[in-house]
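The values are calculated or read from the model by the stated rules, or taken from the named source; none is laboratory data. Since we're looking at a predicted model, the values are computed, not measured. Neighbour counts are summed over all protein chains in view; Cβ atoms, including those assigned to glycine, are modelled from backbone coordinates with ideal geometry.
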Amino acid sequence: MKHSTAIGMRAPLNARQHRAASLGILWNVINIYQHSANLSNRLLGAYDLPLSQYVLLSLFMSAPEEGRTVTSISHALHQNQPTISKIVQKLLQKELVDSKPTFHDARSKILTITEAGKHVHGMASETLETALAPIFNEWTHHDISHLMGQLQVIRSYLETRA
């Protein structure tokens, strides 16, 4: 990643510049999301796996031995329960996740990823990683760490206000 060395790049922004920069960053984040979602959905189509389903499988893969409820998934992903329920139903139909009643409440279900779900997630992840790797080929560890830190600041701010 090329870094600008222009004089004055570290000068503080006035209020108008700060608002314009904030909006510019927000629009870039939204635009990046739109492009990456479109590309991801196109690539994941080979596995009949829309991005929303891939995201849920990724959450399961972060701790595959743990069961999750629709409520815990909705909290983890900051999504409403009806939306998560619809995605879970699709994954259940495809047998990528399994559902068992909880011990204390038969209406509540514990969801776990199946071997088929792990397999599809692995293939889909490989496809996405291969397609997106060229973006970061020339980035240094510092470049990536710095960007991840800045994105975490934005994410934390937005999470507290959502």
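What do you reckon, is Ile84 within 30 Å of Leu147 (Cβ to Cβ) and in contact with a helix residue (DSSP H, G or I) (Cβ under 8 Å, 6 or more places away or on another chain)?
Taking the combined requirement at face value, the residue satisfies it.
Which fully enclosed helices (runs of 4 or more DSSP H) of the range 26-103 have 2 or more residues being of a type outside the set (Asp, Glu) and under 26 Å from Ala131 (Cα atoms)?
51-61, 81-93
Working carefully through the options Pro101, Pro82, find the one that is at pLDDT below 95 and exposed (fewer than 13 other Cβ atoms within 10 Å of the Cβ).
Pro101
Search the range 104-117 for residues being of a type in the set (D, E, K, R) and exposed (fewer than 15 other Cβ atoms within 10 Å of the Cβ), and hand back the single one that is nearest to Ser62 (Cα to Cα).
Of everything passing the filter in the range 104-117, Glu115 is nearest to Ser62 (Cα to Cα).
Identify, from the list Leu128, Leu77, Leu158, the residue that is surrounded by 13 or more Cβ atoms within 10 Å (Cβ to Cβ), closer than 25 Å to Leu39 by Cα, modelled with pLDDT under 95 and of a type outside the set (Ser, Thr, Tyr).
The conditions single out Leu77.
Answer yes or no as to whether Ser22 is modelled with pLDDT under 90, of a type outside the set (A, V, I, L, M, F, W, C), closer than 21 Å to Arg155 by Cα and loosely packed, with under 15 Cβ neighbours inside 10 Å.
Yes: the conditions hold for Ser22.
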